[in-house]
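One structure below.
A short reminder: the numbers here are calculations on the coordinates, not readings from a lab. Just so it is clear, the structure is predicted and the values come from calculations on it, not from any experiment. Here the Cβ positions follow ideal geometry from the backbone for every residue, glycine too, while neighbour counts run over all protein chains shown.
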Amino acid sequence: MTTREYIEENEKRLAIINKPYDPIVGTEFCDTIKRTLLYIPDAPIHKQYIPVEMEDEPIVIALRHNKTLKDTAKALFGGKITEKKIIDTWIMFAKKRSKHDFEFFCATDINIVHKTKATIVPFILNRAQRYYLEEQEKLRKALKPIDIILLKARQWGGSTETQFYMFWIQLYWRKNWNSVICADVDDQAKGVLGMLTRAAEMFDVNMTDGIKLELKPYMKTDSTRVLNITDSTISVGSVQHPEKIRSQNISMAHLTEVGLWKATPSRKPEDLVQSIFGSIVPAPYTLKVLESTAKGVGNYFHRTWLDACAGKNNFTPVFVPWYMIDIYSKPINDYIAFVSSMTVYEQYLFTAGATLEAINWYRSKSLEMGDKWRMCSEFPSDAEEAFQSTGRNFYPVEYVEELRKGCCQPTIVGDITAQEPKGESALTDIRIVEQSNGNLKVWLKPDNTIKMSDRYLVVVDIGGRSEKADNSVICVFDRYWMHEPGGVPEVAAEWCGHIEWDILAWKAAQVATIYDNALLVVESNTLETKGTEGNHFNILLTEIAEFYENMYRRTKQEQLVKGGAVRYGFHTNSSTKPMVCDFQLQVVRDGLYIERCNEAVDEHKTFEIKENGEYGAVEGNHDDRHITRAIGNYFNYKVMPPPKFITDEQRTYTATKRIINEYSL
C-alpha cells in the first residue's frame, strides 16, 4: 500500500469507530442485530431502531397501526385517555424491547461501577462487547446452545457482558433456568455476586410489574441466590472451593479465567469443567462459556481452544484482539512520517484491522514492555500470539506473516491413487482424483512436459497412525525457477493425514513418481526411535527402492563398498535438526521459498526452542509440516544442484540413477 492508501483506509476505519453509538435510540450503527425504524412522535423516544424480531409483538403492531402513543393507549385500554394509560403503554413497549434488545436492556436497566471513575453508570456496551454479543445472538436466534470459548485480551469486560447476558436470559426468556459462575479464586466469585446483587437492587420496578427485583439467598447459602421473578438460581464458586457450586439441574454455566486453573494431584481443571457442563442438557437458550486470557500452552483451555478452531468440539471460538479495545489508541501528529516508519509487523497489524492510532499506541507500549513475547501475551493481535507466552519462539512473527502472503487455496483437493495401494502395481496408472475431504492438496499440478533435471523434491515426515498422533506429511517442492538467478522453490502439493506406514511409503513413492520421478527424502527419526518398527520400515523402503530408485540414502560410500546395508532417509537428531531449522530461519527471513499452505505457516509460528535447548513445537501443537519444509529447503539449497534443462538421455541418467547421500556431497 502507498502512504496515501494507508491514510485513506485509516480515515474510513476511524469514521466507522467514531460513529455515534446510542443503544437507547438504537441507531442504525447498533449493528450487532438487524433493526428497523419505528417512529412514535409523542413517545419519550420519537425515532428509534428496534430489532426486526419485535415486528410480531402485539404492542409494536398496535403502535404502527395507531401511529401515536396516545392513540395506541386508547386502542388498548379504551375509555378516557389518562397520563397513566399513556405511560403504561410506553412501559409495555419498553419491556418488550428490553426482552428483544440486549443492548437497550443494558443501557436502560443495568447499572455498574465505572472502573476508573468509581461511580455508578449505565452499562453501555463497548465495541469489543458488541462484537462478542453478535456471536452470542447468532447462536441464540438459531435456537442453538450458546456454547462459546472466549479468548480475551485485557480490559474490555468480556466477563461482565457474559454474566449480564445470562441474567437477561433468566429474566426475560426462561423460568427456573439455573446458572453457575465459577472463577479461579473466591474473591472473583464474590465480586460477581456483588455486581449482580447491586444490579438487581437498582432495577426499575416498572419493568417488573411493580415487584422489586431481588436475589435472595437460596436454602440459607451465601453462594447461591434465587431470582425472585423467575425462580432461577445463580450459583457462584471458585476452583479453590468447588463444593460451593450448586451444579445440579443447571442450564447455563460461565467458567472464567480457565487458563489460570491449576491441576492438582486430586483434581484436574477438566474434571471440574465436566462435572459442571455435564449437568447441562443441550437445548435452545442453554449456555456454556469457557473464558480466559491465555495463560500458557498445553493446558486444558489451550487444548479446548485448538479443538474448537478445528471443529472438534461444539464451542464457537471467539477472540477479541487488543486493537478492538478503543482505549488502546494514541494520536498521530504526522501521518506521512508515521506510515513511512512502520515495520513489517506494524504493516501486518494494519492489514489485520488496527488503526494507525492503535498501532502508535502499540509502538509506545512495546517500548515500555521491552520483550516482544510479553506484548504478545498481554496484548495479543491474534489467537496464536495470545498463547505465545514463553518468549522462546524460533521464528519472529513478522517473518512468519511475510511467509503467509504466499498462501492460497489449492487448485485440487483429493488424493493420489494407482492400480494397487502397494507393491509393484502401486507405481502403475498413478493419478490424482478429486475428493472434497481428501488428504492431498495440489497448488501446482505435475508438469512433465518440460525436460528438466532436479526439478521436483518430495520430503516425507512420518507421524502416528491414530487420530490424536502427529500427522504424516508428504510435501512436494517445485524447484523450476531455481534454474534462474534469484529464483526460489515453492510448495506444489501436500498430503497430510494418518495412515499405516507401509501404505504411506508407497503413497510417497506415487507422489514422487507423478512429479517427474522427484528425489524422495524420508525423515527417519520417527522410524529409528521405534525399535524394531524402524528396522522394519527401512526394509520396506529397500523393497520400494527396487521399483523407485531416486530415494535419498545416507549410508557412507565406503560402507557400501564393504557390503554395508543401505540406510534410507534423513535422520533428524540433536545435530541435524538445529542445522536444518537454523537454515530454514534464514530462508524464511530472506524470502527464499514460497509457502502455499496456511497450516504450515501456523506451525512456523508455534515452533520454539525449549528450556533444555531442544527444538520443537509449543506444547499442544505439531511441527510435521514445518519439518518437511526445513528439510526440504536444506536440500533445495545445500544438497541438490539447481534444476537444468536436459535431453531425454541425460534425464534418464541424472533423475533416476545417481546416488544422493550426505557423505558423497
In square nanometres and to one decimal, what's the mean projected area of the convex hull around the Cα atoms of the range 31-97?
4.2 nm²
Gain in span if fully extended, Asp204 to Lys312, counting 0.36 nm per residue against the direct Cα distance
34.5 nm
Residue span Asp56 to Arg303: 0.36 nm per residue of separation minus Cα-Cα distance leaves a gain in nm of 84.6 nm
Within the chain: Cβ-based charge dipole about Cα centre, in debye rounded to nearest 20 (Lys, Arg +1; Asp, Glu -1):
1860 debye
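List the trypsin sites (Lys or Arg not before Pro) in the range 22-105 that DSSP assigns to loop (not H, G, I, E or B) and whose Cβ has at most 14 other Cβ atoms within 10 Å. Which are they?
Lys34, Lys67, Lys80
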If the chain between His46 and Glu543 were fully extended at 0.36 nm per residue, the gain over the current Cα-Cα distance would be 170.6 nm
For the pair Ala142 and Ala283, how long in nm is the line joining their label points, each one 7 Å along Cα→Cβ?
2.1 nm
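All other residues with a Cβ under 12 Å from the Cβ of Asp109 taken together, and with Lys, Arg as +1 and Asp, Glu as -1, what is their net charge?
Combined, the nearby Lys, Arg, Asp and Glu give 0.
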How would you rank Lys605, Lys405, going from fewest to most other Cβ atoms within 10 Å of each one's own Cβ?
Lys405, Lys605
Given points 7 Å out from each Cα along the Cα-Cβ axis, report the Lys212 to Ala337 separation in nanometres with one decimal.
6.2 nm
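Filter the GluC sites (Glu not before Pro) in the range 5-102 down to the DSSP loop ones having no more than 12 other Cβ atoms within 10 Å, then list what survives. Don't jump to the answer; show the numbers that get you there.
Details: sites: Glu5, Glu8, Glu9, Glu11, Glu28, Glu53, Glu55, Glu83; in loops: Glu28.
Qualifying residues, ordered by number: Glu28.
With a/c under 1.5 counting as rounded, go ahead and sort the range 412-647 into rounded, prolate or oblate using the C-alpha gyration tensor (a ≥ b ≥ c being the square roots of the eigenvalues; past the cut-off, prolate if a/b is larger than b/c, else oblate). Walk me through the numbers before you get to the answer.
On the way: a/c = 1.16, a/b = 1.06, b/c = 1.10.
Because its axes are fairly even, with a/c under 1.5, the range 412-647 counts as rounded.
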Taking the Cα centre of the range 460-520 as the origin, how large is its charge dipole in debye, to the nearest 20, when only Lys and Arg (+1) and Asp and Glu (-1) carry charge on their Cβ atoms?
120 debye
Longest principal axis of the chain (C-alpha) makes with the long axis of helix 300-309 (C-alpha) an angle, in degrees to the nearest 10, of 80 degrees
From the Cα gyration tensor of the range 111-320, with a ≥ b ≥ c the square roots of its eigenvalues, which class applies: rounded if a/c is under 1.5, or else prolate if a/b is larger than b/c, or else oblate?
rounded
Would you work out which of Ile33, Gly278, Val226 lies farthest towards the positive end of the dipole of the chain? Charges go on Cβ: Lys and Arg +1, Asp and Glu -1.
Val226
Taking Cα atoms only, helix 127-141 is inclined relative to the longest principal axis of the chain by an angle, in degrees rounded to 10, of 90 degrees
Radius of gyration and Dmax over the Cα atoms of the range 325-391, both given in Å
11.8, 36
Cα-projected label distance for Asn448 with Asp22, points at 7 Å along beta-carbon direction, nm
7.2 nm
Sparse-neighbourhood loop hits (GluC sites (Glu not before Pro), the range 604-635; DSSP loop; Cβ within 10 Å at most 13 others) -> Glu611, Glu614
Under 8 Å for C-alpha pairs, at least 6 residues apart: give me the relative contact order for the chain, rounded to a whole percent.
10 percent
Distance from the Cα centre of the range 31-109 to that of the range 418-459, in angstrom?
66 Å
Once every DSSP H run of n ≥ 4 in the chain is given -39500 (n - 2.57) and the sum is divided by its residues, what mean residue ellipticity at 222 nm do you get, rounded to the nearest 500 deg cm²/dmol?
-11000 deg cm²/dmol
Residue among Ile432, Tyr323, Ala337 farthest towards the positive dipole end of the chain, charges placed on Cβ
Tyr323
Add +1 for every Lys or Arg and -1 for every Asp or Glu among the other residues with Cβ under 11 Å from the Cβ of Thr355, and state the total.
-1
Among the DSSP beta bridges whose two residues both lie in the chain, what percent are antiparallel, rounded to the nearest 5?
60 percent
Cα centroid distance between the range 355-417 and the range 600-638, in Å?
16 Å
Compute the long axis of helix 83-100 from its Cα atoms, compare it with the longest principal axis of the Cα atoms of the chain, and write down the angle in degrees, 0 to 90, nearest 10.
10 degrees
Consider a paramagnetic label point 7 Å from the Cα of Thr3 along Cα→Cβ; state which residues of the range 314-345 have an amide N under 13 Å from it.
334-342
